[in-house]
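Peer 1: Supplied in structure tokens, the structure appears directly below.
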Amino acid sequence: MEFINQEIEEYCTLHSSLEPEALKVINRDTQANILKPRMLSGHLQGRLLSMLSNILQPKNILEIGTYTGYSAICLAEGLAKNGKLVTIEADEELETRILKNIELAEMSKKIELKIGNALDVIPTLTQKFDLVFIDADKLNYIKYYDLVIEKLNLGGLIISDNVLWDGKVVEENKKDKTTELLRQFNNHLLNDNRTQKVLLPIRDGLFVSRKTK
């Protein structure tokens, strides 16, 4: 989804680091062959995720919502030596394509795919994480956040995608269930005194929360 002016986004993309070749292939394949290709993080957001991960140098990353693996690969670029990214995807029909894309990016040793319901999978994870990316079904965002913040190390980041929902969150006449839940989610994060936070108007909105206590 895209919220900012397309011309501005294209200008920003042109003035950002190049999209790696493997991700170009994954991008094109997703656009051509997968339903709802707008769900893909894409070049600009992908480079931001990669940069944040490279700054943090996380030992462990958790991603909720893999789709075709694009964002997982971007995040894994910044892993510390011997680091690991765990990504959870509910749609088992995407498994073969995800694994193919991870292999194409030469990330098979760094990325572990788990197929299943994230609400069931997250409680089984015993490791602590330095970075979490939430980009799955919006109606469960608050539940995901509350589950993962207990597994987040101090100084770690939770990045939540699509929090502007095509700008609907600021339109008073938009009262559909997803928009209402995302408004509640954004307020939930705003009022969490355990974090430092900033909501970025990049593509469809990225909410970045840093755990401080």
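The values are calculated or read from the model by the stated rules, or taken from the named source; none is laboratory data. Computed from a prediction, not measured in an experiment: that's the story for all the values here. Cβ: placed from backbone, ideal geometry, glycine included. Neighbour counts: every protein chain shown.
Peer 1: So how many residues does the range 44-78 have that are more than 23 Å from residue 146 (Cα to Cα) and out of contact with any helix residue (DSSP H, G or I) (no Cβ under 7 Å at 6 or more places or on another chain)?
Peer 2: Going through the range 44-78, the residues more than 23 Å from residue 146 (Cα to Cα) turn out to be 44-48, 50-51, 54-55, 57, 68-70, 73-74, 76-78.
From what's left, out of contact with any helix residue (DSSP H, G or I) (no Cβ under 7 Å at 6 or more places or on another chain): 45, 47-48, 51, 54-55, 57, 76.
Qualifying residue count for the region: 8.
Peer 1: Please determine, by comparing only the residues of the range 26-65 that are in a helix (DSSP H, G or I), within 16 Å of the chain's Cα centre (by Cα) and of a type in the set (D, E, K, R), which one is surrounded by the most Cβ atoms within 10 Å (Cβ to Cβ).
Peer 2: Filtering the range 26-65 for residues that are in a helix (DSSP H, G or I), within 16 Å of the chain's Cα centre (by Cα) and of a type in the set (D, E, K, R), the one surrounded by the most Cβ atoms within 10 Å (Cβ to Cβ) comes out as 47.
Peer 1: Considering only residues of the range 95-111 that are over 15 Å from residue 63 (Cα atoms) and in contact (Cβ under 8 Å) with a residue 40 or more places away in the chain, which is surrounded by the most Cβ atoms within 10 Å (Cβ to Cβ)?
Peer 2: 101
Peer 1: Can you tell me which condition residue 155 does not meet? The list is (1) within 19 Å of residue 189 (Cα to Cα); (2) crowded, with 16+ Cβ neighbours inside 10 Å; (3) among the small types (Gly, Ala, Ser), and all the others hold.
Peer 2: (2)
Peer 1: While we're on this one: Give me the pairs: first residue in the range 191-212 and under 26 Å from residue 44 (Cα atoms) and among the hydrophobic types (A, V, I, L, M, F, W, C), second residue in a loop (DSSP other than H, G, I, E, B) and modelled with pLDDT of 95 or more, beta-carbon distance under 6 Å, and six or more apart or on different chains, which are they?
Peer 2: 207/163
Peer 1: Next up: Is at least one residue of the range 162-174 within 27 Å of residue 84 (Cα to Cα), surrounded by 17 or more Cβ atoms within 10 Å (Cβ to Cβ), within 16 Å of the chain's Cα centre (by Cα) and among the β-branched types (Val, Ile, Thr)? Walk me through it before giving the result.
Peer 2: Of the residues in the range 162-174, the ones within 27 Å of residue 84 (Cα to Cα) are 162-163.
In the following step, the residues that additionally are surrounded by 17 or more Cβ atoms within 10 Å (Cβ to Cβ) were identified as 162-163.
From the residues that got through so far, the ones that are within 16 Å of the chain's Cα centre (by Cα) too are 162-163.
Now narrow it down to the ones that are among the β-branched types (Val, Ile, Thr): 163.
Within the range 162-174 (the criterion being within 27 Å of residue 84 (Cα to Cα), surrounded by 17 or more Cβ atoms within 10 Å (Cβ to Cβ), within 16 Å of the chain's Cα centre (by Cα) and among the β-branched types (Val, Ile, Thr)), the answer is yes, since at least one residue qualifies.
Peer 1: Select from the range 112-146 the residues that are outside any loop (DSSP other than H, G, I, E, B) and among the polar types (S, T, N, Q) and write down the one among them that is surrounded by the most Cβ atoms within 10 Å (Cβ to Cβ).
Peer 2: Going residue by residue through the range 112-146, those that are outside any loop (DSSP other than H, G, I, E, B) are 112-115, 118-124, 129-134, 138-146.
Within this subset, residues satisfying the condition of being among the polar types (S, T, N, Q) are 124, 140.
Working: 124: 8, 140: 17.
Within the range 112-146, the match that is surrounded by the most Cβ atoms within 10 Å (Cβ to Cβ) is 140.
Peer 1: I need a count of the residues in the range 195-207 that are in a loop (DSSP other than H, G, I, E, B) and surrounded by 14 or more Cβ atoms within 10 Å (Cβ to Cβ).
Peer 2: Residues of the range 195-207 that are in a loop (DSSP other than H, G, I, E, B), as a first pass: 201-205.
Subset that is surrounded by 14 or more Cβ atoms within 10 Å (Cβ to Cβ): 202-205.
Final tally of qualifying residues: 4.
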